[in-house]
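Each remark here refers to the structure printed beneath this line.
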Amino acid sequence: MADYRPQTIEKKWQDRWQRSGTFQVAEDPSKPKFYCLEMFAYPSGHAHVGHVKNYIIGDVVARMKRMRGFNVLHPFGWDAFGLPAENAAIKSGTHPEPWTLENIAHMKGQLQRLGISYDWSREIATCTPEYYRWNQWLFTRMFEKGLAYRRRSSVNWCPSCNTVLANEQVVDGDCWRCGTPVDTRDLEQWFFRITAYADELLDATFHLQDWPEKVLTMQRNWIGRSDGARLQFALPDGGAIDVFTTRIDTIYGATFVLLAPEHELVAEWSRADPSLRERAQQFRSLDRTARLTGEIEKEGFDTGKTAMNPFTNEPVPVWIANFVLGEYGTGAVMGVPAHDQRDFEFARKYGLPVRVVVRPPGAAAPADEDLVAAASDDGVLVNSGPYDGLDSEAARGRLSEEARRRGIGEPTVQYRLKDWGISRQRYWGTPIPMIYCPTDGIVPVPDGQLPVTLPKVAEFSGRGDSPLAHVPEFVNAQCPKCGGPAKRETDTMDTFVDSSWYFLRYCDPRNERLPFDPATVRYWGPVDFYSGGVEHAILHLIYSRFFTRVFRDLGMLAFDEPFTRLLTQGMVLKDGQVMSKSKGNVVDPDDMIQKYGADALRTYIMFVAPPEKEIEWTDAGLEGSFRFLARVWRLIDQVADTIGGEGIPAPGALQLDAAERALRRKTHDTIRRVTQDLDPRVHLNTAISAMMELVNELYAFCDREECSLLGRKAQAALERGLVERRETIAVLKESAEALVRMLSPFAPHMAEELWERLGHAEGIEAAGWPAFDAGVARADEIVVPVQVNGKVRARLTVPADVAEDELRERALSDVQVQAHTAGKKVKKVVVAGGGKLVSVVVA
Ligand code: ANZ
């Protein structure tokens, strides 16, 4: 056989897999299922090696699981709606669809050239009516259940582009496109009531055992449950300000009230004093993220109004502050400067009174004027009338009960999570299937009229208001109820809607009656292994958990959680920086495939680090992996004729010599290590190093003096008429075939080729995963270090099953150990680590 030339063999196997539909699956109740999924791709144009890392991880898992007898669903598709396509269309004066489809075609080719084992018959693209019609179907179901609703809400607004911006499109308070300072504006928007599931989404994070802890923590913070109380501060001329506080125990120290600039009272009071609105407006246009994180200089102004502290019965001034958010809690805060740092900074800046009402347990309360920072810990109440002496926790219970009794407040739970605003004033998305009728109001488009398809609008002005609003044929509709003239909703859905349930559609991608057949998803779901970028830790991964529950409550799913196990892969860096087009440091997988082959690329990316870790790309590393594969290739090539024949016995029953026994042990030990590294752990890098060790051992075995299996020596042996020991051949065959099989998830093309070369007509996946015999894998002898007073002084070679007493005895009688114990009193001899270490302590 020729040298290792990946370019020829990879093409051959890719064609064969495709022709014979190797990776296409159907439900098969006789087999255990495994649903292996990588986050689908945004068709941005070209995938770089950082993107494809994720697909390789999933592919190794999918291929390994198939070999282990699972019916593996491994699909792929495209998150094909969204802004970049629309912007590209605006720029080039074309339509987003061809741009999108061309990119999909190119990227699909890239994945095929990498040999990723997808069932392409299930491919979906979210921009097709066959897909997005089910977004619309679900939307109307949610509307019927009150989970989709419309309300006015404040949004980021760019006054120059005339458009709504997502939070991520506001950069340092300015529009990302034109740099104009961003305003807020109130618009009618559609929302999904994700908050109805807040508690459930939060509680379940404590049961997602196979998710990374950091992702769960991010989700918990995002949901942000706070247990607190609502409390009313009465206004002198009627009405009250409702505040939300987690620290009602500090109520006697509340010396002012702060309103968010968005608070409705600001608008109300502005009628008499328009300057109020103007000043508040300045705060509203501040960077929302800075306001959210509180990383801004705290500023505010006095409204001139007062409100009554309901427990001290003192009037306190009402201010407007930039760090109070309109959309959290009630949009109003009781200011307790002695115990809240933000309030403290605010009070010191504007000369508002500070009053200490909680002291640390076991210490005196500091004087109000001595405070240099807020004392935010719980403690014991002081200056709090009848509540003095209570600890904070008890006081919170008593005070909120009292508030409830007086009808001025109650304990409440507040979430940071907000309902999900899904309206986008964009073209390239799913049309929201709603009709506005002058007689019947808001009427959903009936199922029979779905999909509401996107018209081919010619013009993408980028002016900001919904492009669909400029297409009369689209806008003008008939009311489904009364048949009278009506208008369609012209906003489209946030593309995160598309990605919130695509994994369910893969199970039944061509269903024309429903988004999926519940029975089919009962077989495939939930996703067993999901991998993708940690940047999706919150939005996508919470929305998917939400949608799964919505489908469940529609009676279509029998599980709550979509992804049983989650792996977040580390990024690929080049020159210490994240690979990205804008930095100009991307590596195109196709270039690397051309040079070294897909198998070397796959093996390299899996070898440099555990999948969760970042890796620093080097061409030298890739070349190293290529050399490793070439080394395997040469080895198998040279022994293939010897071990590829018929009638070679299994080595288990044969009388082996020491070298044969050692190789057999190494083989089984390697199978054990690789198996465990791949399943259930996903330590793909150490699996490869274990195989590298085995390859070294195989070379040594085949190159022994008395053995003549490699190269010229083999030739010479043949000429001398030497016949190989059949035991040697049996052991070698077992080892080499196990190696090729274990390597196949990483380097599938090469493995298939070698498998064929070894005389197997069926593909390698059908051969199954090699099994190991734990008895054979166990070492006959082990090396045990012996420490004397903490320093290693000797290494003993002992039988693997040596008894502890004997180990102690051997340690003490070892000459090197004796050199360090002579003349001293042995105080202790400890066998640690189940016999892996002996520790001697001498006086
Ligand atoms: C008085 C107080 C005293 C507070 C004290 C804290 C400490 P979490 O835990 O994040 O829910 N708050 C309430 N609504 C707010 C809003 N819309 N914008 C900004 N801050 C707001 O935080 C709850 C606390 O954040 C509440 O408890 C309130 O300040 C503030 F020693 O009330 B606290």
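The values are calculated or read from the model by the stated rules, or taken from the named source; none is laboratory data. All figures in this text were calculated on a predicted structure; none of them were measured in a lab. Every residue, glycine among them, receives a Cβ derived from its backbone with ideal geometry; neighbour counts consider all protein chains shown. Keep in mind that these areas ignore ligands, DNA and RNA; they rest on the heavy atoms of the full protein, side chains included. Shrake-Rupley method; radii C 1.70, N 1.55, O 1.52, S 1.80 Å.
Summary of values
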| item | result |
| --- | --- |
| Restricting region 664-688 to residues that are free of Cβ contacts under 8 Å to residues at least 40 places away in the same chain, among the charged types (D, E, K, R) and under 17 Å from Ala774 (Cβ atoms), the residue that is most open to solvent (accessible area, probe 1.4 Å) | Arg673 |
| Of all residues making up region 1-33, the number that are part of a helix (DSSP H, G or I) and crowded, with 17+ Cβ neighbours inside 10 Å | 6 |
| Selection count where residues are buried (at least 16 other Cβ atoms within 10 Å of the Cβ), more than 8 Å from the ligand (Cβ to nearest atom) and assigned to a loop (DSSP other than H, G, I, E, B), scope region 343-374 | 7 |
| Failed condition for Arg545, given (1) more than 30 Å from Ala690 (Cα to Cα); (2) surrounded by fewer than 17 Cβ atoms within 10 Å (Cβ to Cβ); (3) among the basic types (Lys, Arg) | (2) |
| The one condition in (1) within 16 Å of the ligand (Cβ to nearest atom); (2) of a type in the set (Phe, Trp, Tyr); (3) closer than 24 Å to His95 by Cβ that Trp428 fails to fulfil | (1) |
| Whichever residue in region 304-317 is open to solvent by 10 Å² or more (accessible area, probe 1.4 Å) and touching a strand residue (DSSP E or B) at 6+ places or on another chain (Cβ under 6 Å) and, among such residues, is nearest to Gly335 (Cα to Cα) | Pro317 |
| Selection from region 234-260 of residues that are surrounded by fewer than 24 Cβ atoms within 10 Å (Cβ to Cβ) and either among the aromatic types (Phe, Trp, Tyr) or within 8 Å of the ligand (Cβ to nearest atom) (or both) | Phe244, Thr246, Arg247 |
| Test: Leu201 is open to solvent by less than 10 Å² (accessible area, probe 1.4 Å), free of Cβ contacts under 8 Å to residues at least 40 places away in the same chain and either out of contact with any strand residue (DSSP E or B) (no Cβ under 9 Å at 6 or more places or on another chain) or small (Gly, Ala, Ser) (or both) | no |
| Failed item, numbered, when Asp419 is tested on (1) within 30 Å of Asn156 (Cβ to Cβ); (2) under 34 Å from the mean Cα position of the chain (by Cα); (3) modelled with pLDDT of 95 or more | (3) |
| Any hit, region 375-387, residues being open to solvent by 60 Å² or more (accessible area, probe 1.4 Å) and touching a residue at least 60 places away in the same chain (Cβ under 8 Å) | yes |
| Residue within region 422-434 that is assigned to a helix (DSSP H, G or I) and buried (at least 17 other Cβ atoms within 10 Å of the Cβ) present | no |
| Hits in region 553-566 (condition: open to solvent by less than 50 Å² (accessible area, probe 1.4 Å) and either assigned to a helix (DSSP H, G or I) or closer than 18 Å to Glu612 by Cβ (or both)) | Phe563, Leu566 |
| Residue in region 394-404 that is among the basic types (Lys, Arg), buried (at least 19 other Cβ atoms within 10 Å of the Cβ) and within 30 Å of Ala486 (Cα to Cα) present | no |
| Test: residue in region 597-607 that is open to solvent by 70 Å² or more (accessible area, probe 1.4 Å) and over 23 Å from Gln577 (Cβ atoms) | no |
| Region 638-663, residues that are under 22 Å from His760 (Cα atoms) and either open to solvent by less than 50 Å² (accessible area, probe 1.4 Å) or among the acidic types (Asp, Glu) (or both) | Val639, Ala640, Asp641, Thr642, Ile643, Gly644, Gly645, Glu646, Ile648, Pro649, Pro651 |
| Enumeration of residues in region 318-342 that are open to solvent by less than 10 Å² (accessible area, probe 1.4 Å), more than 7 Å from the ligand (Cβ to nearest atom) and either outside any strand (DSSP E or B) or touching a helix residue (DSSP H, G or I) at 6+ places or on another chain (Cβ under 6 Å) (or both) | Ile320, Asn322, Gly335, Pro337, Ala338 |
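Let's see how each residue does on (1) in contact with a Pro (Cβ under 6 Å, 6 or more places away or on another chain); (2) closer than 18 Å to Arg681 by Cβ; (3) aliphatic (A, V, I, L, M):
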{"site": "Leu566", "(1), (2), (3)": "no, yes, yes"}
{"site": "Leu573", "(1), (2), (3)": "no, no, yes"}
{"site": "Ser580", "(1), (2), (3)": "no, no, no"}
{"site": "Asp588", "(1), (2), (3)": "no, no, no"}
{"site": "Ala598", "(1), (2), (3)": "no, no, yes"}
{"site": "Phe607", "(1), (2), (3)": "no, yes, no"}
{"site": "Glu616", "(1), (2), (3)": "no, no, no"}
